[in-house]
Amino acid sequence: MVIDDGVEPRQRVGIGKDPVAELRPVEAAVRQVFRENRLALAAISGVLMVIEIPLFFAPGFYKMDLSELPVLMSAFYLGPVAGVVTELLKVLLKLLLKGTSTAFVGDFANFVVGCTFVLPAAVIYHHHKTRRSAIIGMAVGTLCMTVFGSLFNALYLIPKFAELFHLPIDQIVAMGTAVNKGITSVPTLVLFAVVPFNLIKGIVDSALTYLLYKRVEFLLFPELRKKNQTPSVQPKTPTPQH
């Protein structure tokens, strides 16, 4: 005789959650990104990643791009997971367009640091979708990217580039010294180049997202336009009978 107590067998023996069920939000996010015009955001990001802007206060290997702008818009509209998927597609498209000159180290860094900007911003915005929460989210994302990007450069990226290109770290620091006499070591390179680099990148991407998001959402997300064009059906008022 089997007694059904309403408890799943895997719950009774203490087995964790179904891994397939845990993957469903990721699968849904991937489907969202590939649907309609949403893949265009990743394509635009990949193109923007190729267009690099040198900065006067940083050595030549630090160049800014605006590729996080479409990624952030995707994350705001579709959610944090979709933002990460768009971030990954952006890097893959850039590799198809331009290839890699850093044995994928710089591309990996771009993905990881970009996620530290997009994820906090999207999580905070989706918790309460208001203009104020969007501003707070982008500010927190900028700070997260600045802190993580600085530590990531100091502890991993700069030593890895030195190893990759067979350069002593002092020579990399010297490239910074040529631009700013205050740069004399890895910590000062991070302080005077990496920190302002990430702050400016986050502020510019945030400001452009704030200014453009509502102006382009109907173009990038056509289902919003369809929703607005659908006439609302008003319930008929019954006519009194005499």
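Values in this text are rule-based calculations from the coordinates and carry no lab data. Just so it is clear, the structure is predicted and the values come from calculations on it, not from any experiment. Virtual Cβ from ideal backbone geometry, glycine too; neighbours counted across all protein chains shown.
Full extension of the chain segment joining Val123 with Arg215 gains 30.9 nm, where the gain is 0.36 nm per residue of separation less the Cα-Cα distance. Here r is the Cβ-Cβ distance between Ile169 and Ala43 and R0 is 35 Å; the resulting FRET efficiency, rounded to 0.05, is 0.40.
Among the trypsin sites (Lys or Arg not before Pro) in region 95-157, those placed in a DSSP loop whose Cβ has at most 12 other Cβ atoms within 10 Å are Lys129.
Once the C-beta distance of Val140 and Val50 is scaled by a Förster radius of 41 Å, the resulting FRET efficiency is 0.90 to the nearest 0.05.
Cβ crowding within 10 Å ranks Lys63, Lys214 as Lys214, Lys63, fewest other Cβ atoms first. Between Val105 and Tyr156, the contour length at 0.36 nm per residue exceeds the alpha carbon distance by 17.4 nm.
Among the listed pairs Lys94/Lys129; Lys98/Lys214; Lys63/Lys94, those with a Cα-Cα distance over 24 Å are Lys94/Lys129; Lys98/Lys214.
Extension gain, Val112 to Val147, is 11.3 nm, computed as 0.36 nm per intervening residue step minus the present C-alpha separation.
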